[in-house]
Amino acid sequence: MIASPKPISASRSVLTEMLFPGDTNYHGTMFGGTLMQYIDKIATIAAMRHCHMPVVTVSQDSLDFLSPIRVGEAFELEACVTWTHRSSMEIYCVVRAEDLFTGERRLTVTAFSTFVALGEDGKSAPVPGVYPETEEERLLHESARTRYEQRQLRRSQRYSSTDGRDK
Ligand SMILES: CC(C)(COP(=O)(O)OP(=O)(O)OC[C@H]1O[C@@H](n2cnc3c(N)ncnc32)[C@H](O)[C@@H]1OP(=O)(O)O)[C@@H](O)C(=O)NCCC(=O)NCCS
């Protein structure tokens, strides 16, 4: 039985870290691939908080780097499930950097990921619905169907129905 719909806030997940030199690129700012790993991880937590099932990433369709993160700055990731279909969930992730000496905070990344819940048979399985409570959540929720349809269109144009299936 599928659980009742849940508020977007129930899946809200936050992670705060500090940038050390080992995670930088040759510009001395945060390496994008490392940040993408953090985004995938926080999005996994948000998705599992929502459905309480194993999940896999199926798509990362939008990831915008808006400003760099410098060594010694804190960065905070925040993610939540904004929309669900049958077995898929859209996760919105925002990353903010913070200069700990001045307190200045700035938006550094926004990303939309799609995750799918898996049943015990390893196949995609139904997830509970999700509903917004705030104005910001409502905007994300209402625009999600269009993003879902764009993903489906891109998927059908790019891959045949047998791509990815074991032969
Ligand atoms: C997830 C997976 C099991 C789904 O396989 P499937 O059941 O044959 O796929 P379906 O076509 O029935 O799609 C299931 C759901 O995934 C969604 N989906 C699958 N691929 C997608 C993509 N590239 N983008 C967006 N949504 C996608 C479908 O829209 C569908 O959503 P819905 O149930 O909410 O309508 C399979 O695609 C897979 O294993 N992918 C690899 C995942 C992975 O290894 N990730 C990296 C490590 S976590």
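The values are calculated or read from the model by the stated rules, or taken from the named source; none is laboratory data. Note that the structure is predicted; figures quoted are calculated from it, not measured. Don't worry about glycine lacking a Cβ; one is built from the backbone with ideal geometry, like all the others, and counts go over all protein chains shown.
Filtering segment 1-59 to residues that are at pLDDT 95 or above, of a type in the set (A, V, I, L, M) and touching a Pro at 6+ places or on another chain (Cβ under 9 Å) leaves Ile8, Met30, Met48.
Somewhere in segment 76-96, is a residue in contact with an Asp or Glu (Cβ under 9 Å, 6 or more places away or on another chain) and either loosely packed, with under 13 Cβ neighbours inside 10 Å or among the acidic types (Asp, Glu) (or both)? Checked segment 76-96: at least one residue is in contact with an Asp or Glu (Cβ under 9 Å, 6 or more places away or on another chain) and either loosely packed, with under 13 Cβ neighbours inside 10 Å or among the acidic types (Asp, Glu) (or both). The set of residues in segment 140-159 that are of a type in the set (A, V, I, L, M, F, W, C) and under 17 Å from Ser11 (Cβ atoms) comprises Leu140, Ala144. Evaluating Glu142 against the criteria (1) crowded, with 16+ Cβ neighbours inside 10 Å; (2) more than 10 Å from the ligand (Cβ to nearest atom); (3) assigned to a helix (DSSP H, G or I) leaves one unmet condition, (1). Here Val127 fulfils each of the conditions (1) assigned to a strand (DSSP E or B); (2) more than 13 Å from the chain's Cα centre (by Cα); (3) surrounded by 20 or more Cβ atoms within 10 Å (Cβ to Cβ) apart from (1).
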